[in-house]
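Working notes for the structure below.
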Amino acid sequence: MNRRWLRWMPAVVVPAVIAAGIAAGSLPASAVDPLPAKSPAQVLALVAGHKVHALSGTLEQASNLGLPEVPQTGPSASAPTSWLELLSGPHTARVYKDGPAKMRIQILDKMAERDLVRNGRELWWYSSKDQSTVHVTLPNLVATPAGEEPPEDSVDPGFPDSSTVPTPAELTEKLLAKLDPSTDVSVGTDVQVAGRSAYNLVLTPRSQQTLVGSVSIAVDGENGLPLSFQVAARGQAEPAFALAYSSLTLGAPDPSLFDFTPPPGTAVKEVQPPPRPLGAHPGLDGHTGGSDVGRPQVTGSGWETVVGFRVGGDALAAEGLLTREPLLQQAMVAVPGGTVMSTSLLNVLLTDDGRIFVGAVPVEMLQAAATPR
């Protein structure tokens, strides 16, 4: 597994699950202006061909994953739980985007605000709660002649930027990249999202051995932009995860929105992007690979995929975060051979011999994958 993914694994649990083939829910049906009928293949083509790269909007997120609620004040409201807080309750965020390298996301908390701003190579995180700012100058991905600036979309954050608070389009892209015959694809009744008529693309796992019930994506009937992304766990009435625009304006936002200056009195921390290690990392079997990816143990396929890793290096740090965070302790349960953290969409098994197994499957399947053959 990639070092950066391990380092940020908790912050991207939901997008990562979706990327493996997961997510859905119910959307309000449209009562007026029905869209021209399209087949599932035609709606998929509409999504793949969308060219909306500049917009302003408000996103509403709701989660019902079975994780403990994070308090807004007190010891458990510290930075290590911020990723958990994003997954454990309702949230509102304003999103501004103009191309691949200009974006601003404002997460609106109670009596506070968190901002993520990217403008070309400059990346900023700001929290009004503790008046703190983190600044990163992103590295180039391509060589450029001396004295010339690299293209804005040729720099790599090295760690999550917009994926920390994903948009429906980003989640849809991850999911559709994994689409295979293990998923039934259909088109439901037209829906209305942010005042726009949309096709309701429904993806349903054919497997009965997954925690995921179905996926529902609202696809703008005019331009193919995903407007809503909902997740339903099997046997759960309410969506386990829902992300949708409540308002949306197409077109380039005011350029000044991407210029960030820390407020007076703000402590600014300069951070270097994580290095790209050239050495190999031990895989689950103790061997080393030729890159920083390592050799995870993968069993099953499609919605039944289980991925295992031996704890070490950054994986050890991820395991430590899971086991030491007080709020997550509430979600940890002892089972034969280890400890399990369960959500309605994902199970994580920490074995007694130092391995981690992750999958959108019942705990018994994780235990089976962990049993030596």
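The values are calculated or read from the model by the stated rules, or taken from the named source; none is laboratory data. Quantities reported herein were computed from a predicted structural model and do not represent experimental measurements. A quick note on method: Cβ atoms are made from the backbone with ideal geometry, for glycine too, and the neighbour counts reach across all protein chains shown.
Residues 173, 222: which one is closer than 30 Å to residue 358 by Cα, among the charged types (D, E, K, R) and assigned by TED's automatic domain parsing to the domain that holds residue 41? Quick ask: steps written out before the conclusion?
Values: 222 fails: closer than 30 Å to residue 358 by Cα.
The unique qualifying residue is 173.
Output yes when any residue across the stretch 186-195 is under 18 Å from the mean Cα position of the chain (by Cα), of a type in the set (Val, Ile, Thr), outside the structural domain of residue 346 (by TED's automatic domain parsing) and over 23 Å from residue 56 (Cα atoms), and no when none is.
Our first condition is that a residue be under 18 Å from the mean Cα position of the chain (by Cα); within the stretch 186-195, this holds for none.
Within the stretch 186-195 (the criterion being under 18 Å from the mean Cα position of the chain (by Cα), of a type in the set (Val, Ile, Thr), outside the structural domain of residue 346 (by TED's automatic domain parsing) and over 23 Å from residue 56 (Cα atoms)), the answer is no, since none of the residues qualifies.
Considering the stretch 189-205 alone, what residues qualify as being without any contact (Cβ under 8 Å) to a residue 60 or more places away in the chain and either of a type in the set (Phe, Trp, Tyr) or not in a strand (DSSP E or B) (or both)?
Result: 195, single match.
Results for (1) among the β-branched types (Val, Ile, Thr); (2) assigned to a helix (DSSP H, G or I); (3) assigned by TED's automatic domain parsing to the domain that holds residue 348; (4) at pLDDT 85 or above, shown as yes or no for each residue.
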| position | (1), (2), (3), (4) |
| --- | --- |
| 6 | no, yes, no, no |
| 23 | no, no, no, no |
| 32 | yes, no, no, no |
| 35 | no, no, no, yes |
| 47 | yes, yes, no, yes |
| 72 | no, no, no, no |
| 93 | no, no, no, yes |
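What's the total number of residues in the stretch 233-264 that are in contact with a Phe, Trp or Tyr (Cβ under 7 Å, 6 or more places away or on another chain) and among the aromatic types (Phe, Trp, Tyr)?
Count: 1.
Filter the stretch 163-182 down to the residues that are β-branched (Val, Ile, Thr) and buried (at least 21 other Cβ atoms within 10 Å of the Cβ), then identify the one that is modelled with the highest pLDDT. Lay out the reasoning, then the answer.
Going residue by residue through the stretch 163-182, those that are β-branched (Val, Ile, Thr) are 164-165, 167, 172.
Still in the running and buried (at least 21 other Cβ atoms within 10 Å of the Cβ): 165, 167, 172.
Values: 165: 63, 167: 88, 172: 92.
By that ranking, first place goes to 172.
Can you list the helices (runs of 4 or more DSSP H) lying wholly within the stretch 287-373 that have 1 or more residues being modelled with pLDDT under 85 and touching a Phe, Trp or Tyr at 6+ places or on another chain (Cβ under 8 Å)?
Per the criteria, 314-324.
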